[in-house]
């Protein structure tokens, strides 16, 4: 089964990327893998404090994931899987793509502010030529209706 890999983070554009991935998976008989990356600099504290913060980050990710997963199951009939990795975003995303041969498309949401599409889209675009799969970049300001029309 071909899976769409989508990044779960705190950005607003993440929502449209999730919607797009779920809609495409539903219409093509594919699956969705949601990846969330915990940055390493988040835990540069004493060991005990760092462990507590790491566990809190994982709990936040699971809670956020459940909101998207419920919508995907209820509205699109897609049961996503969650992958949590720790490290720098780009190497971790590339690592997941290389480790899971069923991943066929990376879906990223583009920001809508004047600073550009966002750091992840910018960084992943630089490596796009050497990736083994295509990247789909979903504009952050597309309406639900427009997303439904194009998926």
Query raised in the report: Taking residue 51 and the conditions (1) surrounded by fewer than 17 Cβ atoms within 10 Å (Cβ to Cβ); (2) assigned to a loop (DSSP other than H, G, I, E, B), which numbered condition does it fall short on, given that it satisfies the others?
Result: (2)
Query raised in the report: Assuming residue 123 fulfils every condition listed in (1) buried (at least 19 other Cβ atoms within 10 Å of the Cβ); (2) over 19 Å from residue 2 (Cα atoms); (3) at pLDDT 90 or above apart from one, which condition is it?
Result: (1)
**Report entry** Among residues of the stretch 98-116, those that are in contact with a strand residue (DSSP E or B) (Cβ under 9 Å, 6 or more places away or on another chain) and either part of a strand (DSSP E or B) or free of Cβ contacts under 8 Å to residues at least 60 places away in the same chain (or both), counted
**Finding:** 9
Report task. State whether one or more residues within the stretch 91-114 are surrounded by fewer than 13 Cβ atoms within 10 Å (Cβ to Cβ), more than 22 Å from residue 5 (Cβ to Cβ), at pLDDT below 90 and over 12 Å from the mean Cα position of the chain (by Cα). Result -> yes
Query - Failed item in (1) in contact with a strand residue (DSSP E or B) (Cβ under 6 Å, 6 or more places away or on another chain); (2) in contact (Cβ under 8 Å) with a residue 40 or more places away in the chain; (3) assigned to a helix (DSSP H, G or I), with residue 121 passing the rest - result: (2)
Report task. Inspect all residues belonging to the stretch 55-71 and state whether any of them is farther than 14 Å from residue 5 by Cα, free of Cβ contacts under 8 Å to residues at least 40 places away in the same chain, more than 15 Å from the chain's Cα centre (by Cα) and buried (at least 17 other Cβ atoms within 10 Å of the Cβ). Result -> yes
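Based on what the data block shows, is residue 36 over 18 Å from residue 15 (Cα atoms) and in contact with a strand residue (DSSP E or B) (Cβ under 9 Å, 6 or more places away or on another chain)? Step through it out loud before you land on a result.
Details: over 18 Å from residue 15 (Cα atoms): no; in contact with a strand residue (DSSP E or B) (Cβ under 9 Å, 6 or more places away or on another chain): yes.
The answer is no for residue 36.
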Query raised in the report: Which one is farthest from residue 14 (Cα to Cα), of the residues in the stretch 134-143 that are touching a residue at least 40 places away in the same chain (Cβ under 8 Å) and in contact with a strand residue (DSSP E or B) (Cβ under 7 Å, 6 or more places away or on another chain)?
Result: 136
Query raised in the report: Under the condition of being over 14 Å from the mean Cα position of the chain (by Cα) and either more than 16 Å from residue 86 (Cβ to Cβ) or surrounded by 18 or more Cβ atoms within 10 Å (Cβ to Cβ) (or both), which residue from the stretch 26-48 is modelled with the lowest pLDDT?
Result: 46
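Got at least one residue in the stretch 77-87 being closer than 17 Å to residue 148 by Cα and modelled with pLDDT of 95 or more?
For the stretch 77-87, residues closer than 17 Å to residue 148 by Cα and modelled with pLDDT of 95 or more: present.
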Query raised in the report: Looking at the stretch 126-140, which of its residues are within 15 Å of the chain's Cα centre (by Cα) and modelled with pLDDT under 95?
Result: 139, 140
Query raised in the report: Of the residues that sit in the stretch 1-37 and are assigned to a strand (DSSP E or B) and without any contact (Cβ under 8 Å) to a residue 60 or more places away in the chain, which one is farthest from residue 94 (Cα to Cα)?
Result: 32
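The values are calculated or read from the model by the stated rules, or taken from the named source; none is laboratory data. Being a predicted model, the structure only gives us computed values, none of them experimental. Note that we place each Cβ from the backbone using ideal geometry, even for glycine, and neighbour counts take in every protein chain shown.
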